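This report concerns only the one structure given below.
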Amino acid sequence: MSNSYFDAVKKRRSVYAISKELPVPQDQIQEIVEQAVLHSPTSFNSQSSRAVVLFGEQHDKLWDLTSETLRKIVAADQFEGTAQKMAAFKAGAGTVLFFEDQAVVKHLQENFALYADNFPIWSNQSSGMLQHVVWTALAEAGIGASLQHYNPLIDEEVKSTWELPAEWKLIAQMPFGGIVTAPGEKEFEPIDQRVKVFK
């Protein structure tokens with residue numbers, strides 16, 4: 001078995017100390033996201049996943065609006081930690097926004113009523129697979145990233161700011177950039193407690 005795939009998977013870590021200096025051109029990041037969207041699996045081949053890539057000022061705008069949204073709900077005397085997080089994300093070069101198109105999900109529910117309750121679950125699973133593919137490919141390109149979830153607090157403002165379809169449901173945000181500080185060693189629970197094999 002080739003180890004190249006798992007070598008790439010092992011490189012995927014949460015990197016929080018990122019910069020605006022990218023080791024690859026923006027076009028290469030766009031291609032990573034496009035290829036991931038094209039080839040990540042979706043239930044019933046629904047192709048429900050959507051992505052938006054923000055660079056530069058557009059990326060900064062996202063974390064500014066997120067910060068202002070949180071400022072309204074986080075106590076002033078507790079906001080410093082939140083502000084530091086927002087600044088760390090904004091320090092990156094870009095963000096990938098992951099969405100699922102609810103019009104597609106609804107269409108599947110109407111046409112395959114037997115599985116109606118499962119389609120939102122499968123949609124989220126599809127998004128998770130897409131996120132992993134993008135994250136791993138970014139890591140392989142030497143780009144640090146982490147996965148954030150400020151939805152649903154910022155959903156409507158994000159859709160309004162970038163004029164996105166109302167049916168797109170925001171699932172996650174992935175700020176990325178040059179790696180300033182690599183993550184430390186990862187600790188693992190014993191694998192025999194996590195995987196059972198019966199022969």
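Using DSSP to define loop residues, name the GluC sites (Glu not before Pro) in the range 68-164 whose beta-carbon has at most 16 other beta-carbon atoms within 10 Å. Of the GluC sites (Glu not before Pro), the ones in loops of the range 68-164 whose Cβ has at most 16 other Cβ atoms within 10 Å are Glu163. The phi torsions of the range 14-22, fed into the Karplus equation with coefficients 6.51, -1.76 and 1.60 and a -60° offset, translate into couplings of 6, 10, 9, 8, 10, 10, 7, 8, 9 Hz, rounded to whole numbers, with Gly and Pro shown as x. For the chain, a simple Cβ point-charge model (Lys and Arg +1, Asp and Glu -1, everything else neutral) yields a dipole of about 540 debye relative to the Cα centre. Can you check what the net charge comes to around Ala36, using other residues whose Cβ is under 14 Å from the Cβ of Ala36 (Lys, Arg +1; Asp, Glu -1)? Around Ala36, the surrounding residues sum to -1.
When the solvent-accessible area of the range 24-68 is split by element, carbon and sulfur atoms take up 47 percent of it, the probe being 1.4 Å. Rounded to the nearest 0.05, the FRET efficiency derived from the C-beta distance between His107 and Gln148 at R0 = 25 Å is 0.30.
Ligands, DNA and RNA are left out, and with a 1.4 angstrom probe the accessible area of the range 1-139 is 56 Å² per residue. Remark on Ser146: its backbone amide H falls under 5 Å from those of Val15, a criterion applied only to residues 5 or more positions apart or on other chains, H modelled at 1.01 Å from N. You can think of it this way: the chain between Lys10 and Gln28 has 4.4 nm of extra reach, that is 0.36 nm per residue less the Cα-Cα gap.
Answer with a single label: of (1) 59, 31, 24; (2) 51, 42, 37; (3) 62, 56, 28, which was calculated as Cα extents along the principal axes in Å from the structure in view? The value matching this structure is (2).
All other residues whose Cβ lies under 14 angstrom from that of Ile18 are scored, Lys and Arg at +1 and Asp and Glu at -1, for a net of +2. Separation of the range 49-87 and the range 155-196, taken as the distance between their Cα centroids, equals 15 angstrom.
Once R0 is set to 22 Å, what does the formula 1/(1 + (r/R0)^6) return for the Cβ-Cβ distance between Glu80 and Asn124, expressed as a FRET efficiency to the nearest 0.05? Efficiency at R0 = 22 Å is approximately 0.10. The stretch between Arg71 and Trp162, if pulled fully straight at 0.36 nm per residue, gains 30.6 nm over its current Cα-Cα span. Our summary gives the range 1-89 a relative contact order of 31 percent, counting only alpha carbon pairs under 8 angstrom and 6 or more residues apart. Taken along the Cα-to-beta-carbon direction at a fixed 7 Å, the label points for His39 and Lys199 span 3.3 nm. Under 5 Å from the amide H of Trp168 lie the amide H atoms of Gln102, each residue being 5 or more positions distant or on a separate chain, with H modelled from the backbone and absent for Pro and chain starts.
Among the listed pairs Lys106/Lys169; Lys90/Lys159; Lys106/Lys159; Lys61/Lys85; Lys72/Lys159; Lys11/Lys186, no Cα-Cα separation exceeding 21 Å is found.
Ordered by 1.4 Å accessible area with all protein chains kept, Leu62, Leu147, Leu38 run largest first as Leu38, Leu147, Leu62.
The values are calculated or read from the model by the stated rules, or taken from the named source; none is laboratory data. Small disclaimer: the values here were computed from a predicted structure and weren't measured. Every residue, glycine as well, gets a Cβ built from its backbone with ideal geometry; the counts of neighbours run over all protein chains shown. Accessible surface is based on the protein model in full, side chains and every heavy atom, while ligands, DNA and RNA are left aside. Shrake-Rupley method; radii C 1.70, N 1.55, O 1.52, S 1.80 Å.
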